[in-house]
Amino acid sequence: MYETWETARGAEIIAEHSKMEGATLPIMHALQETFGHVPEEAIPMIASALNLSRAEVYGVFTFYHDFRAKPAGRHVLKLCRAEACQAAGGDALAARAEAKLGISIGNTTADERVTLEPIYCLGLCATAPSAMLDGRLVGRLDEARIDALVSEAQR
Ligand code: FES
């Protein structure tokens, strides 16, 4: 279980990693591991600890799609949005998952059960389109498989 975000605890984690080479990424990973997300409030804190601008830190945050700004739902369904999966029909399947869940990619359902996230290549291009549910890889997606994954995530 993740800890609830607290500024003092966040500051402690930032300080622990701030002397590392290229500390921005290790700090963000440590924050996400601890709190399940990288709260917006942490961005200026990281910037001041590392003597960087907020824009630089925010740029790193948005560049890496693994970081979340808000806590995730109980289940995380990641849909591959990279080229091989797109070419294999990933767009239509992503739209189908969005419609079934009633949210767009990057969001969590109102009941906090499912977070739908993009991912950029799962290394399963040979069996595209691919997805990952709570860390479990699934390839050869079609309409029936995406429906089954969505139902499983909603449980
Ligand atoms: S592009 Fe989707 S798994 Fe590689």
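Taking the Cα atoms only, what angle lies between the long axis of helix 24-35 and the longest principal axis of the chain, rounded to 10 degrees?
Roughly 70 degrees, rounded to the nearest 10.
Put a dot 7 Å past each Cα toward the Cβ at residue 64 and residue 15; how far apart are the dots in nm?
2.3 nm
Residues in the stretch 42-57 near a label at residue 2, defined as backbone nitrogen under 18 Å from the 7 Å Cα→Cβ point?
42-46
Of 36, 73, 89, which has the largest mean-square fluctuation in a 10 Å C-alpha GNM of the chain?
In this elastic network of the chain, the residue with the biggest mean-square fluctuation among 36, 73, 89 is 89.
What whole-number distance in Å separates the alpha-carbon centres of the stretch 124-138 and the stretch 2-41?
29 Å
Could you tell me which trypsin sites (Lys or Arg not before Pro) in the stretch 1-70 are loop residues by DSSP with no more than 11 other beta carbons within 10 angstrom of their beta carbon? Present the calculation step by step, with values, prior to reporting the outcome.
Numbers: sites: 9, 19, 54, 68; in loops: 19, 68.
Loop-located and lightly packed - 19.
Mark the label point 7 Å from the Cα of residue 127 along Cα→Cβ and return the residues of the stretch 64-90 whose backbone N is within less than 11 Å of it.
Within reach of a label on residue 127: no residues.
I'd like the antiparallel share, as a percent to the nearest 5, of DSSP beta bridges with both residues in the chain.
Working: 8 of 14 bridges.
Percent antiparallel among DSSP bridges in the chain is about 55.
Applying a 10 Å radius around every beta-carbon, put 101-107, 128-134, 148-154 in order of their mean neighbour count, most first.
Details: 101-107: 15.3, 128-134: 21.3, 148-154: 17.1.
Put in order of decreasing packing, that is 128-134, 148-154, 101-107.
Sort the stretch 50-148 into rounded, prolate or oblate with this rule: let a ≥ b ≥ c be the square roots of the eigenvalues of the Cα gyration tensor; rounded if a/c is under 1.5, and if a/c is not under 1.5, prolate when a/b is larger than b/c, oblate otherwise. Please list the in-between numbers first.
Details: a/c = 2.34, a/b = 1.48, b/c = 1.58.
Oblate.
In whole percent, and with a 1.4 Å probe on the protein chains, what portion of the accessible area of the chain is carbon and sulfur? Please list the in-between numbers first.
Values: 4410 of 8650 Å².
Using a 1.4 Å probe with all protein chains present, the chain comes out at 51 percent carbon and sulfur.
The values are calculated or read from the model by the stated rules, or taken from the named source; none is laboratory data. Since the structure is predicted, the reported quantities are computational estimates derived from the model, not experimental observations. As a convention, Cβ positions derive from the backbone with ideal geometry for all residues, glycine included, and neighbour counts pool all protein chains shown. With ligands, DNA and RNA removed, areas are computed over all heavy atoms of the protein, side chains included. Shrake-Rupley method; radii C 1.70, N 1.55, O 1.52, S 1.80 Å.
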